[in-house]
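Quick notes on the structure that follows.
The values are calculated or read from the model by the stated rules, or taken from the named source; none is laboratory data. A quick note: this is a predicted structure, and the numbers were derived from the prediction, not measured. Just the protein is used for accessible areas: all its heavy atoms, side chains included, with ligands, DNA and RNA removed. Shrake-Rupley method; radii C 1.70, N 1.55, O 1.52, S 1.80 Å.
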Amino acid sequence: QRYYSRQFILRNESDSSALQGFEKVLNAFFEDRPPEINGLPTVEYFAQKLCLSPNYLSDMLKSITGKTAQEHIHFKLIEKAKIKLLGSNASIAEIAFELGFEYPQYFSRLFRKKTGFTPTEFRTN
């Protein structure tokens with residue numbers, strides 16, 4: 001366990017390039033692949049693109065930023081949701097499907113957990 005944790009301390013340059021690579025792949029996912037067709041992004045997808053294991057990617061991001069890969073993905077989803085909520089008159093269900101959620105309830109629950117507001121409350125405020 002000590003050896004595994006120590007490797008994150010010693011790898012500053014490669015970690016920053018891996019973080020930049022993760023951000024690049026994350027942004028490309030939302031630009032190139034329509035999430036409503038392909039579903040929600042997964043840690044496994046990004047780990048495969050970066051040639052890392054999902055656990056290693058998550059541990060590396062946690063050591064650099066304090067957030068896991070899943071938290072980064074959720075943050076990006078919430079940012080996209082905020083833009084769609086404020087920039088369109090689409091229903092909450094339509095926005096949830098556009099972002100790749102199968103069920104609008106899951107989108108609403110995640111949005112409320114991360115922001116403290118329901119999507120409807122966020123839109124009206």
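Scanning segment 23-41 for residues that are open to solvent by less than 60 Å² (accessible area, probe 1.4 Å) and among the β-branched types (V, I, T) yields one hit, V25.
Of the residues in segment 54-72, at least one is farther than 19 Å from K113 by Cα, open to solvent by 70 Å² or more (accessible area, probe 1.4 Å) and at pLDDT 90 or above.
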